[in-house]
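One structure is given here, and the rest of the page talks about it.
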Amino acid sequence: MEPGTGRDAQRRRTRRAILDAAARLLAEGASPSVGEIADAAEVSRRTVYLHFPTLDQLVLDAVVGTLSTSVDEALAAAPDDDVHARLAALVDGVTATMGSSLALGRRLIALTVAETGREEGAPRRGHRRVAWIESALEPVRDRLGREAFADLVSALAVVVGWEAFIVLTDVRGLGPDEAGAVSRRAAHRLFDAALADAAGGV
């Protein structure tokens, strides 16, 4: 074993335990403190702060990490050449746990809206969502062309994600399944419109 390999693996396991503990507490509707997360992960507060400099960063990473696993698995299982199926997998992966974790989603939105800025070189907020959408659309990237592809990614970012889900449940009063279905139909219609525009030379 190379020097440091064992310590690195232990750090990864500890970080994962902290994130899992935070995600569990948030999914229950709690607004946990660092101490409560440390207790749930069976580590010290100092250990939590060694991995996450702020509580907000820990919460954000816990939310995004939980969602990332669901979406990555959904896209990996989707057909490589069927964009409708890939978009359905994306929307279903994104919305799969939203109905049971609305409190967590609202917490995420509150934190990201309150974010005052990014350090130079830090990823843009929502970069994972953009990457997922681009992955779902990859089979038609060349067919659409650079500008139309970018426009479609931007349009889909509006209808896929926590913001859209909360609007559909809170403003429209839809249930979680209905909200997911509306997002799925909207994504398909945006895609079909982009294909029609490309075919017509618009």
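The values are calculated or read from the model by the stated rules, or taken from the named source; none is laboratory data. Everything numeric here is computed off the predicted structure, so don't read it as measured data. As a convention, Cβ positions derive from the backbone with ideal geometry for all residues, glycine included, and neighbour counts pool all protein chains shown.
Which of the residues belonging to region 45-98 are aliphatic (A, V, I, L, M) and closer than 23 Å to residue 193 by Cα? Let's see the steps before the verdict.
Within region 45-98, the subset aliphatic (A, V, I, L, M) is 48, 50, 55, 58-60, 62-64, 67, 71, 74-78, 83, 85, 87-91, 94, 96, 98.
Hits for region 45-98 are 75, 78, 83, 85, 87, 88, 89, 90, 91, 94.
For every residue, the table says whether it meets (1) part of a helix (DSSP H, G or I); (2) among the small types (Gly, Ala, Ser); (3) farther than 23 Å from residue 142 by Cα.
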| site | (1), (2), (3) |
| --- | --- |
| 156 | yes, no, no |
| 165 | yes, no, yes |
| 170 | yes, no, yes |
| 179 | yes, yes, yes |
| 182 | yes, no, yes |
| 185 | yes, no, yes |
| 189 | yes, no, no |
| 195 | yes, no, no |
| 198 | yes, yes, no |
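Just to check your reading of the model, which residue among 102, 58 is in contact with a Phe, Trp or Tyr (Cβ under 6 Å, 6 or more places away or on another chain) and surrounded by 12 or more Cβ atoms within 10 Å (Cβ to Cβ)?
Result of the check over 102, 58: 58.
May I ask you to say which residue of 99, 121 is part of a loop (DSSP other than H, G, I, E, B), out of contact with any Leu (no Cβ under 7 Å at 6 or more places or on another chain), at pLDDT below 95 and within 26 Å of residue 178 (Cα to Cα)? Show your work before the answer.
Details: 121 fails: within 26 Å of residue 178 (Cα to Cα).
It is 99.
Residues 157, 194, 186, 179: which one is closer than 17 Å to residue 93 by Cα and in contact (Cβ under 8 Å) with a residue 40 or more places away in the chain? So that I can check it myself, show each step before the final result.
Details: 157 fails: in contact (Cβ under 8 Å) with a residue 40 or more places away in the chain; 194 fails: closer than 17 Å to residue 93 by Cα; 186 fails: in contact (Cβ under 8 Å) with a residue 40 or more places away in the chain.
When all the criteria are applied, what remains is 179.
Does residue 68 count as small (Gly, Ala, Ser), touching a residue at least 60 places away in the same chain (Cβ under 8 Å), surrounded by fewer than 20 Cβ atoms within 10 Å (Cβ to Cβ) and out of contact with any Lys or Arg (no Cβ under 7 Å at 6 or more places or on another chain)? Give the derivation first.
Details: small (Gly, Ala, Ser): yes; touching a residue at least 60 places away in the same chain (Cβ under 8 Å): yes; surrounded by fewer than 20 Cβ atoms within 10 Å (Cβ to Cβ): yes; out of contact with any Lys or Arg (no Cβ under 7 Å at 6 or more places or on another chain): no.
Against the criterion (small (Gly, Ala, Ser), touching a residue at least 60 places away in the same chain (Cβ under 8 Å), surrounded by fewer than 20 Cβ atoms within 10 Å (Cβ to Cβ) and out of contact with any Lys or Arg (no Cβ under 7 Å at 6 or more places or on another chain)), residue 68 does not qualify.
Just the residues that are surrounded by 15 or more Cβ atoms within 10 Å (Cβ to Cβ) and part of a helix (DSSP H, G or I), please, taken from region 21-35.
Filtering region 21-35 for residues surrounded by 15 or more Cβ atoms within 10 Å (Cβ to Cβ) gives 21-27, 30, 32, 34.
Residues satisfying the conditions are 21, 22, 23, 24, 25, 26, 27, 34.
Please go through region 44-79 and give me each residue that is modelled with pLDDT under 90 and in a loop (DSSP other than H, G, I, E, B), ordered by number.
Answer for region 44-79, where residues must be modelled with pLDDT under 90 and in a loop (DSSP other than H, G, I, E, B): 52, 53, 54.
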